[in-house]
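First comes the structure, then the notes that go with it.
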Amino acid sequence: MQKEQAKLILMEINKYTEKLEKIHVQSSFLSNEIIDSTLFLQSIDYRIKSLLESKTTNESLGSLNFKYCPACLTKIETIQQDNICGLCKSPKHEDSTKKSYLHMLNELNFQKRESEKILQFNKNLLDEIKTKIPELESLLSISKLNYKDYLQSNSAMESQISEISNRIGFLESKHQNLKERLEFFANIEALVKEKQQLIVKTSEVKDALAAKKEKTKNRLLDVCSQLETTTMNIVKMDLGFEKDFENPEEFEFSFPRDKMWLNGKSKFSASSMVLLKNSFRLATLVESTKDINYRFPRFLLIDNIEDKGMMPSRSHNFQNIMVEMCEELENPYQLIYTTSMISPKLEGGNYCRGIFYKKGTHTLELNKI
């Protein structure tokens, strides 16, 4: 009966010892993770601070001009153009610099938020684990005292047998602990492999995103090129009121800046600016009907065909150009425009809607009320 009781006590001692050992291993692991997360958050805060300081410096000082190459110390040939880099001679883009700062800041803030979540989770888990230690140590002490009392109450031989049994129990406990450690490290190895696989997948996703960005960039270049070519073709059909319209070599546009340039110029006479803008709008409608991937509703409303002293013949010519180009389109579309100088070719035709108000007539005849 006493031997059975001693065996139960040993089992309790082994159980509490194993649990304490396991808790200490977990606590050590979590403590290291917390230290790593804390250091990583400190590095992120420093990088965010440095990035904001760099942004402020860039906005305050602007770009730096080098007199000598920082690599070979050769004197650099200066270029008197604000939009060209004095070092590598590449075009400058202020928007891209701001976007780069914003992208890096968003990435750092995202990493900070995720790291803070992980840090807080590990802290909570560590606190939960540590609360179990006092109870287990108390139970272990009680079991050891009970076992000590048992040993003192038996003969020398029984005491020796008990000591051997205790040693066996300790070795079994140690063996079990080592087994659990092996399983723990095996899990770590599996996590490392999983991390490597995720790194590969992340790299593949980044490559796919880069490919899509490159595809989008090429798509944008193609679309812009077609719009520019069509716009110049429309402008060429003007009646010679503007010299630069006769044989344009280059047309550019910028949606963010709400500007367009023809042969490097962005300012013309008021009537020429109206015609240039409407030519670009007409080109957008024409190209959208030819390309199914266009994100454009294939609908165009123009409420100022002529403006700022435009000659009637010039307005008539542009109206005829619009109708002729649209009649060649195959896919569905809709074009609506208003004019006070309708082309004689179109007057009274199928495309006209509403009546023509001559001078002296009004949409609202108050004298008849």
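Quick notes
- Of 99/195; 195/215; 99/212, those spanning more than 24 Å from alpha-carbon to alpha-carbon: 99/195; 195/215
- Loop-located trypsin sites (Lys or Arg not before Pro) in the stretch 282-369 whose Cβ has at most 12 other Cβ within 10 Å (DSSP): 295, 308, 345, 353, 358, 359
- Label-point separation in nm, residue 229 to residue 246, each point 7 Å along Cα→Cβ: 2.5 nm
- Angle between the chain longest axis and helix 94-130 axis [Cα atoms, degrees, rounded to 10]: 20 degrees
- Entries of 112/206; 49/193; 55/267 with Cα pairs more than 26 Å apart: 49/193; 55/267
- For the chain, the longest principal axis of the alpha carbon atoms and the long axis of helix 2-61 meet at an angle near 30°.
- Here's the list of lysines a cross-link from residue 345 could span, going by alpha-carbon distance under 22 Å and ignoring same-chain residues fewer than 8 apart: 236, 358, 359.
- The chain: relative contact order as a whole-number percent, Cα under 8 Å and 6+ apart: 13 percent
- Surface calculation, 1.4 Å probe, protein heavy atoms: residue 258 sits at approximately 130 Å² accessible.
- Separation of the stretch 319-369 from the stretch 277-307 is 18 Å, based on Cα centroids.
- If you sort 362, 316 by accessible surface, 1.4 Å probe, largest first, the order is 362, 316.
- Local net charge near residue 77, Cβ-Cβ under 13 Å (Lys/Arg +1, Asp/Glu -1): +3
- Straight-distance crosslink candidates among aspartates and glutamates, where the alpha carbon sits under 16 Å from residue 117 and sequence neighbours closer than 8 are dropped: 33, 36, 45, 107, 127
- The antiparallel fraction among DSSP beta bridges confined to the stretch 234-369 stands at about 55%.
- Paramagnetic reach from residue 36 (point 7 Å along Cα→Cβ, amide N under 19 Å) across the stretch 102-118: 111-118
- Surface accessible to a 1.4 Å probe, residue 339 within the full protein complex, Å²: 40 Å²
- Put 341, 310 in order of accessible area, highest first, and with a 1.4 Å probe you get 341, 310.
- In the stretch 229-271, GluC sites (Glu not before Pro) in a DSSP loop with at most 14 other beta-carbon atoms within 10 Å: 249, 250
- Proximal aspartates and glutamates to residue 290, defined as alpha-carbon separation beneath 19 angstrom and excluding residues fewer than eight positions away on the same chain: 222, 228, 324, 327, 328, 330
- FRET efficiency estimate (nearest 0.05) - Cβ-Cβ, residue 141 to residue 112, R0 56 angstrom: 0.80
- Spacing of the modelled spin labels on residue 320 and residue 123, each 7 Å from Cα toward Cβ, amounts to 7.9 nm.
- Probe 1.4 Å - accessible area at residue 333, Å² to nearest ten: 90 Å²
- For Rg and Dmax of the Cα atoms in Å, calculated from these coordinates, the label among [x] 20.1, 65; [y] 40.7, 133; [z] 21.0, 72: [y]
The values are calculated or read from the model by the stated rules, or taken from the named source; none is laboratory data. No experiment lies behind these values; they were computed from the predicted model shown. Cβ coordinates were reconstructed from backbone atoms using ideal geometry, including for glycine residues, and neighbour counts include every protein chain displayed. For accessibility, only protein heavy atoms count, side chains too; no ligands or nucleic acids. Shrake-Rupley method; radii C 1.70, N 1.55, O 1.52, S 1.80 Å.
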